[in-house]
Amino acid sequence: MTASFDGLLPGTERALAHRVAVAQAEGRAPSFVGAVVRDGAMVWSGARSCVDGHAPDADTQFRIGSITKAFTAVLVMRLRDEGLLGLDDPLERHLKGTGVGEVTIAQLLGHSGGLAAETPGAWWERSSAELRPELSDVLGERPFLRTPGRSHHYSNPGYTLLGSLIEAARGVSWEEALRSEILEPLGMGRTTAQPVAPHAGGWAVHPWADVMLPEPSEDLGLMAPAGQLWSTAEDLGRFAAFLAAGDERVLALASVEEMRVPAAPDGEGEWEGSYGLGLQLVRRGGRTLIGHTGSLPGFVAALWVSVEDGLAAVALSNATSGPLTGVVAADLVGIVAEAEPRLPEPWRPLPEVEVDEELLSLAGPWYWGTYAYGLRIGAERGVVLEPLRGAGRRARFRALPEGGWVGLNGYYEGETLRAVRRADGSVSHLDLGSFVFTREPYAPADAVPGGVDEAGWRGL
């Protein structure tokens, strides 16, 4: 059986349009745009507006607020991948004189640096950047509210520091680095630091009356890396495709996957999910979503990606409060995933060059004590170790050039799995971070730590 799907079914499109219409009406938003990306391509977009015949489209700019942080984080990861810095490096090693230099780059990316959530003084989103000309004006006299590294505490000033770090490493402005290293390679020509027509105006809607007033649109200055950008549903769809699959021109998939892993313990009541390196992670409707939400006066935005479903959704609106873009974007993903579930890739055998008798001899059941596990051969000579019954520690392993495998996820991430051989070359057992896996549970001749009772198995 073969199948080809260029667009969505009419019923699915109707459900998506209905969700956007409800969001605009119930959120009392001047306008609302939604879009869905499937397998890297936009397959639907729709909008609703209070002005008849003038609804925005997928090419209309909205301000995206803290979604900007994901772009800043990608620029930092590029510096890491080029060997210009390490995520565990203290900030002071690369950016001198901040007064908070003991904070690591990873802590800033994951909001675990203990820095304040906001800047001192006037509300930075609604006041001139001229009030904060230096980093000291952004950080204030009491930059730390918590001990660095202990817990998640969202910090906008932390991303100002990361933007200054990028500028110091590249020798160009944050905006120039963003344009040349991310926006241009991904074809995101409608993502800019300042609004470019056609763009929506930002509005505040009165909470108790159907009236509204325009919100100011301030240049954020040093705070730009935390929330400056304007973008469109179409451009954010391209960025969503990148977050799902990576792009060697920007960042390899392995590094993007690293960004999608929780980076720090959650602060109490902080998130319904977790936070990686510049990306939010949430569980909605039984699926994991990665991306970011954003807001600035006059605008709210959300971008969610379900890697497993091959789906992403964007929700943009031009109201300070009311429209629940994060919920709507998650709902758009759910509507498509449930109405048109992703077809699995057809099963294919491994390439012949990846399999040999020695590797195949390791496949099958193994026992850690009396716990039964199965070792399955994967692509590129990798393996998967998984419990055969009940709960247990499932992990994927990548083959190492020198032999053995390294864990890629879960409890065994970073741990080494190796086959230990007897003098005659036959496999005695598997060693995984000192855990011994044998072919039989507690066989007398097996290399079981502590030995096996000589009387063997017995009844009561």
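Computed from the coordinates by the stated procedures, all read-outs in this text should not be read as laboratory data. Everything numeric here is computed off the predicted structure, so don't read it as measured data. So basically every Cβ, Gly included, is an ideal-geometry build from the backbone, and we count neighbours across all protein chains shown.
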Item checked: All-pairs alpha carbon distance profile, the chain, 20 Å steps from 0, percent -> 22, 47, 25, 6, 0
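Suppose the chain between Arg150 and Val406 were pulled fully straight at 0.36 nm per residue; how much longer would it get relative to their current alpha carbon spacing?
Values: separation 256, 0.36 × 256 = 92.16 nm, distance 2.76 nm.
The span from Arg150 to Val406 would gain 89.4 nm if fully extended.
Residue separation times 0.36 nm, minus the C-alpha to C-alpha distance between Glu118 and Val355: what's the value?
Fully extending the segment from Glu118 to Val355 adds 79.8 nm.
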Note to self: Bin width 5 Å, origin at 0, all Cα-Cα pairs of segment 334-380: what percent of pairs per bin?
What the structure shows: 5, 15, 16, 14, 12, 12, 12, 10, 5, 0
Next item on the list: Sort all Cα-Cα distances of segment 181-331 into consecutive 5 angstrom bins from zero, then give the percent of pairs in each bin up to the one containing the longest distance.
Entry: 2, 9, 16, 20, 21, 16, 11, 4, 1, 0, 0
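In the chain, what % of DSSP beta bridges are antiparallel (nearest 5)?
Details: 72 of 74 bridges.
Expressed as a percentage, antiparallel bridges in the chain total about 95.
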Notebook entry, point to check: segment 72-110: which GluC sites (Glu not before Pro) are DSSP loop and have at most 10 other beta-carbon atoms within 10 angstrom?
Noted result: Glu82
Checklist line | Cα centroid separation - segment 31-72 against segment 80-115, whole Å | finding: 33
Notebook entry, point to check: segment 376-413 to segment 287-360: how many Å between their Cα centroids?
Noted result: 25
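Please identify the GluC sites (Glu not before Pro) of segment 205-296 that satisfy two criteria: DSSP loop assignment and at most 10 other Cβ atoms within 10 Å. Which are they? Please list the in-between numbers first.
Values: sites: Glu218, Glu234, Glu248, Glu257, Glu258, Glu268, Glu270, Glu272; in loops: Glu218, Glu248, Glu268, Glu270, Glu272.
For GluC sites (Glu not before Pro) across segment 205-296 that sit outside H, G, I, E and B with at most 10 neighbouring Cβ atoms in 10 Å, the list reads Glu248, Glu268.
May I ask you to derive the FRET efficiency for Ala379 and Asp81 from their Cβ-Cβ distance with R0 = 22 Å, giving the value to the nearest 0.05?
Details: r = 23 Å, r/R0 = 1.05.
The formula returns an efficiency of 0.40 here.
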Check: Dipole magnitude of segment 352-437 about its Cα centre, charges +1 at Lys/Arg Cβ and -1 at Asp/Glu Cβ only, in debye to the nearest 20?
Finding: 420
Item checked: Approximate spin-label separation Ala252-Leu362, in nm, with each point projected 7 Å along Cα-to-Cβ -> 2.2
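In nm, what is the difference between 0.36 nm times the number of residues separating Val420 and Ala204 and their Cα-Cα distance?
Using 0.36 nm per residue and subtracting the Cα-Cα distance, I get 71.1 nm.
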Next item on the list: Normalise the Debye intensity by I(0) for segment 1-138, one equal point scatterer per Cα, no solvent, then take log10 at q = 0.17 Å⁻¹ and round to two decimals.
Entry: -1.02
Item checked: Debye equation applied to the C-alpha atoms of segment 138-196, log10 I(q)/I(0) at 0.15 Å⁻¹ -> -0.63
Notebook entry, point to check: Are there chymotrypsin sites (Phe, Trp or Tyr not before Pro) in segment 188-236 that DSSP marks as loop and that have at most 15 other Cβ atoms within 10 Å, and which are they?
Noted result: Trp208
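Rounded to the nearest 500 deg cm²/dmol, what is the calculated helix-only ellipticity per residue at 222 nm for the chain, with -39500 (n - 2.57) per DSSP H run of length n ≥ 4?
Numbers: 11 runs with 104 residues, N = 460.
Helix contribution divided over all residues of the chain: -6500 deg cm²/dmol.
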